[in-house]
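A short worksheet on the structure shown next.
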Amino acid sequence: MSWLFSPRTGGLLVLAGIIAILPSFLPNAFYYDVVIRVGLNAMVCIGLNLLIGYAGQISLGHAGFIGLGAYGSAILTGQFGWEPLTAMFFSAAMVALLAYFLGRPVLKLKGHFLAMATLGMGIIISIVLNTEEQWTGGPDGTMVNPLTIGSVMLFGEQVWYWIVGGVLLVSVWVALNIVESPIGRALRALHTSEVAAETCGVDTARYKLLIFVVSAVYASLAGSLLAHYGAFVTPEDASFIKSVELVTMVVLGGMASVYGAVIGAAILTVLPQLLTAFEDFEHMVLGLILMLTVIFLPKGLLPSLVARLTNKSKSEEAI
Amino acid sequence: MYAEFLQFLLSGITVGATYGLVGLGFFIIYNASHVINFAQGEFVMIGGMSAVFLVDAGLPLPIAVIGAVMAAILVGVLLEKLAIEPARKSADVVTLIIITIGASIFLRGLAQVVWDKNFHSLPAFSGEEPINVFGAVIVPQYLWIMGGAAVIVAALWYFFNKVPIGKAMTATAYNPLAARLVGIRVKTVMMLSFGLAGLLGAIAGILVAPIAFTSYEAGIMLGLKGFCALILGGLSTGRAVIIGGIIVGIAEAMGAGYLSSEYKDAIAFIIILLVLFFMPQGLFGKKGTDRV
């Protein structure tokens, strides 16, 4: 029976079950839209959590990678007539390359210096997207062609629901496998102490770089999907505020918890929708909720919950 | 040619001085608590916006300035009391960063409700009559900013080195445990550091309000540039932060003037990336070794 409770089987089953029955609770396209955005944000957060939660390296610039993926897809399909899937994977490959070359010097930095460097990286990307109008349409954004596979055009919230649901399951599965592999062990080791990990023969620089690239690819793919789904992309998707939102989702849901990232993304994507009724007070309430959660549940929602359910001690194992 | 260069240099130093002031706010809080306060930019915004609205309400400028500074100090102290102190014991650095980010979102939202979403500007302190400096033309407000920054730095030096409570803060920055052992109340020091950061932010916000528009969002970029100044200075000394700010300001003005004004905001971050790549401890930071 223990396989039922392991995150790689039981957890995935629960998630698949939720994705399968959720549509019967979604009355109209608007709800589908919110859930699809939850899924795409969750995808980015899962990747980001590998970096922040497991490897202990903060990034305040991940929205930049979303932006590059989104604009890569938009420009390659729109202005060069590429196939959407080719464009999506080519953009992801380019983002991986960029993350690789930027990551090498950036990840040597620690603490606040690392925060500053990743922040700067993200802001530079967003300024470039804002400025190069002939390619990106500037601050107003640009239209994106719909996603086609062969001759089949995929559009409409219900179709996208299943696409994003499937992609999310794969994202979780890949992340869980990374976490449980020797790579995951190396990441947790270097999170605890880089020096100790190195003394044991862990090539910390290589693993940090690897996970940085992986998380950037997650963001880029989610960005491409977001662009095709929304049929429109603006530099807002790549802004500093968006990066901060992503980190907040990760911390709120729970560091070093793949499912926590999904929950964090869900809450912070749905919450603004609920708060639109208060319009003017939306930001105040959002900021307040953020502060209160972090003050009272510093480990994040899911790990705190699991710790309460399993009576502490086991919280370390909650993935 | 020469006049143009001088023009860019002077405006760079002026803007850089405000970045330095914002950076000093970061630095004081960082020293006291090792927290990077991402709401620092919001202190700047609160200073600028309060001053604008107090002047609009008919108060004379000096009174409005005092009122605005008091408001920012109050917000700083409240932030520390209500949000940082309850979390400090249990939380790690990333969590504390998130709290200050939450606070900055909250304060921006509050500003939106209390004031509005429009852009505002403060009247210049002493007229708009341009001054000719060796061919470069500056407005009097530039002098107010540079002078204001110089006075603040001198006052801070005096406070941290001569005034007992300031010396207590310096001691706490060096070693919090030892400071407690000699009877310094670390809690008070924390509260004071947030109040001081509020004061510095507000002054920076008020000084630039006549030459740059202020709005509820004005704090974001100014805060980030102040953070740049701090990191460029290497988190080492207050003087290094001010120099870091001025370097960022000059580079920005030169870049905007000679290269591309569209990429003005990117220049600060490109410099910071290059510096961090080649000098990971900032320009003036000490090469430290980690204790394991």
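Checking B:ALA218 against (1) in contact with a Gly (Cβ under 8 Å, 6 or more places away or on another chain); (2) within 14 Å of chain A (Cβ to nearest Cβ); (3) under 21 Å from A:SER239 (Cα atoms), which test does it fail?
That leaves (2) as the condition not met.
Could you grab me the full set of residues in region B:120-150 that are in contact (Cβ under 8 Å) with a residue 24 or more places away in the chain and assigned to a loop (DSSP other than H, G, I, E, B)?
B:SER121, B:LEU122, B:PRO123, B:ALA124, B:PHE125, B:PHE134, B:GLY135, B:VAL139
Only one of B:SER121, B:SER126, B:SER104 is facing chain A (nearest Cβ under 10 Å) and not aliphatic (A, V, I, L, M). Can you tell me which?
B:SER104
A:ALA222 fails exactly one of the following numbered conditions: (1) in contact with a helix residue (DSSP H, G or I) (Cβ under 6 Å, 6 or more places away or on another chain); (2) modelled with pLDDT under 95. What is the number of that condition?
Unmet condition: (2).
Of the residues B:ALA197, B:ALA240, only one is touching a residue at least 60 places away in the same chain (Cβ under 8 Å) and not acidic (Asp, Glu); which?
Testing whether each residue is touching a residue at least 60 places away in the same chain (Cβ under 8 Å) and not acidic (Asp, Glu) leaves just B:ALA197.
Taking A:ILE19 as meeting all but one of (1) in a helix (DSSP H, G or I); (2) free of Cβ contacts under 8 Å to residues at least 12 places away in the same chain, write down the number of the exception.
Single failed check for A:ILE19: (2).
How do the helices (runs of 4 or more DSSP H) wholly within region A:189-303 filter down when requiring 1 or more residues that are under 27 Å from A:ILE125 (Cβ atoms) and of a type in the set (A, V, I, L, M): which remain?
Those helices (runs of 4 or more DSSP H) span A:204-230, A:240-253, A:258-275, A:282-296.
Which one of the conditions (1) buried (at least 20 other Cβ atoms within 10 Å of the Cβ); (2) closer than 21 Å to A:LEU190 by Cα does A:LEU109 fail to meet, given that it meets all the rest?
Condition not satisfied by A:LEU109: (1).
Taking region B:269-292 as the search range and keeping residues that are facing chain A (nearest Cβ under 8 Å) and modelled with pLDDT of 80 or more, which one is surrounded by the most Cβ atoms within 10 Å (Cβ to Cβ)?
Of the residues in region B:269-292, the ones facing chain A (nearest Cβ under 8 Å) are B:269-270, B:272-273, B:276-277, B:280-282, B:290, B:292.
Checking the rest, the ones that are also modelled with pLDDT of 80 or more come to B:269-270, B:272-273, B:276-277.
Details: B:PHE269: 24, B:ILE270: 17, B:ILE272: 29, B:LEU273: 20, B:LEU276: 22, B:PHE277: 15.
Top of the filtered list is B:ILE272.
Being small (Gly, Ala, Ser), part of a helix (DSSP H, G or I) and buried (at least 23 other Cβ atoms within 10 Å of the Cβ): is that true of B:ALA64 here?
Answer is no for this residue.
What number of residues within region B:68-95 satisfy the criterion of being in contact (Cβ under 8 Å) with a residue 24 or more places away in the chain and closer than 15 Å to A:GLY287 by Cβ? Before the answer, list the steps.
Here is the first cut: in region B:68-95, the ones in contact (Cβ under 8 Å) with a residue 24 or more places away in the chain are B:68-69, B:71-77, B:79-81, B:84-85, B:88, B:93.
Filter once more, so that each one left must be closer than 15 Å to A:GLY287 by Cβ: B:75, B:79, B:84.
Within region B:68-95, residues that are in contact (Cβ under 8 Å) with a residue 24 or more places away in the chain and closer than 15 Å to A:GLY287 by Cβ number 3.
Scan region A:111-134 and give yes if some residue there is under 17 Å from A:VAL213 (Cα atoms), among the β-branched types (Val, Ile, Thr), touching a residue at least 40 places away in the same chain (Cβ under 8 Å) and within 14 Å of chain B (Cβ to nearest Cβ), otherwise no. Quick ask: steps written out before the conclusion?
Just the residues of region A:111-134 that are under 17 Å from A:VAL213 (Cα atoms), to begin with: A:114-115, A:117-119, A:121-122, A:125.
Checking the rest, the ones that are also among the β-branched types (Val, Ile, Thr) come to A:118, A:125.
If we keep only those that are touching a residue at least 40 places away in the same chain (Cβ under 8 Å) too, we end up with A:118, A:125.
Now narrow it down to the ones that are within 14 Å of chain B (Cβ to nearest Cβ): A:118, A:125.
Yes; the residues of region A:111-134 include at least one that is under 17 Å from A:VAL213 (Cα atoms), among the β-branched types (Val, Ile, Thr), touching a residue at least 40 places away in the same chain (Cβ under 8 Å) and within 14 Å of chain B (Cβ to nearest Cβ).
In this structure, does A:GLY67 turn out to be touching a residue at least 24 places away in the same chain (Cβ under 8 Å), more than 10 Å from every other protein chain (Cβ to nearest Cβ) and buried (at least 24 other Cβ atoms within 10 Å of the Cβ)?
Yes; evaluated as a whole, the condition is true for this residue.
Among the candidates B:VAL93, B:VAL137, B:VAL113, B:VAL133, single out the residue that is more than 22 Å from the chain's Cα centre (by Cα), at the interface with another protein chain (Cβ under 8 Å from one of its Cβ atoms) and surrounded by fewer than 19 Cβ atoms within 10 Å (Cβ to Cβ).
Numbers: B:VAL93 fails: more than 22 Å from the chain's Cα centre (by Cα); B:VAL137 fails: at the interface with another protein chain (Cβ under 8 Å from one of its Cβ atoms); B:VAL133 fails: at the interface with another protein chain (Cβ under 8 Å from one of its Cβ atoms).
Selected residue: B:VAL113, the only one of B:VAL93, B:VAL137, B:VAL113, B:VAL133 that is more than 22 Å from the chain's Cα centre (by Cα), at the interface with another protein chain (Cβ under 8 Å from one of its Cβ atoms) and surrounded by fewer than 19 Cβ atoms within 10 Å (Cβ to Cβ).
Residue under question is A:SER59, and the condition is that it be crowded, with 24+ Cβ neighbours inside 10 Å and either out of contact with any helix residue (DSSP H, G or I) (no Cβ under 7 Å at 6 or more places or on another chain) or outside any helix (DSSP H, G or I) (or both); does it hold?
yes
For region A:44-53, check the following and say yes or no: at least one residue is modelled with pLDDT of 95 or more and among the β-branched types (Val, Ile, Thr).
Yes.
Out of the residues in region A:12-43 that are crowded, with 19+ Cβ neighbours inside 10 Å and of a type in the set (Val, Ile, Thr), state the one that is nearest to A:SER257 (Cα to Cα).
Of everything passing the filter in region A:12-43, A:VAL38 is nearest to A:SER257 (Cα to Cα).
Looking for whichever is closer than 24 Å to A:ILE75 by Cα, surrounded by 24 or more Cβ atoms within 10 Å (Cβ to Cβ), of a type outside the set (Gly, Ala, Ser) and more than 12 Å from chain B (Cβ to nearest Cβ) here; the options are A:VAL258, A:VAL233. Which one fits?
Being closer than 24 Å to A:ILE75 by Cα, surrounded by 24 or more Cβ atoms within 10 Å (Cβ to Cβ), of a type outside the set (Gly, Ala, Ser) and more than 12 Å from chain B (Cβ to nearest Cβ) holds for just one of A:VAL258, A:VAL233, which is A:VAL233.
Of the residues that sit in region B:225-239 and are at pLDDT below 90 and in a helix (DSSP H, G or I), which one is surrounded by the fewest Cβ atoms within 10 Å (Cβ to Cβ)?
B:ARG239
So which residues in region A:142-176 are free of Cβ contacts under 8 Å to residues at least 60 places away in the same chain and in a helix (DSSP H, G or I), if there are any at all?
A:VAL159, A:TRP162, A:GLY166, A:VAL170, A:VAL174
Report yes if A:LEU98 is surrounded by fewer than 20 Cβ atoms within 10 Å (Cβ to Cβ) and either within 14 Å of another protein chain (Cβ to nearest Cβ) or hydrophobic (A, V, I, L, M, F, W, C) (or both), otherwise no.
yes
In region A:200-210, which residues are buried (at least 19 other Cβ atoms within 10 Å of the Cβ) and over 16 Å from A:PRO105 (Cβ atoms)?
A:TYR207 - this is the single residue of region A:200-210 that is buried (at least 19 other Cβ atoms within 10 Å of the Cβ) and over 16 Å from A:PRO105 (Cβ atoms).
The values are calculated or read from the model by the stated rules, or taken from the named source; none is laboratory data. All of these numbers come straight from a predicted model, not from anything done at the bench. Positions of Cβ are backbone-derived with ideal geometry, glycine not excepted, and every protein chain shown enters the neighbour counts.
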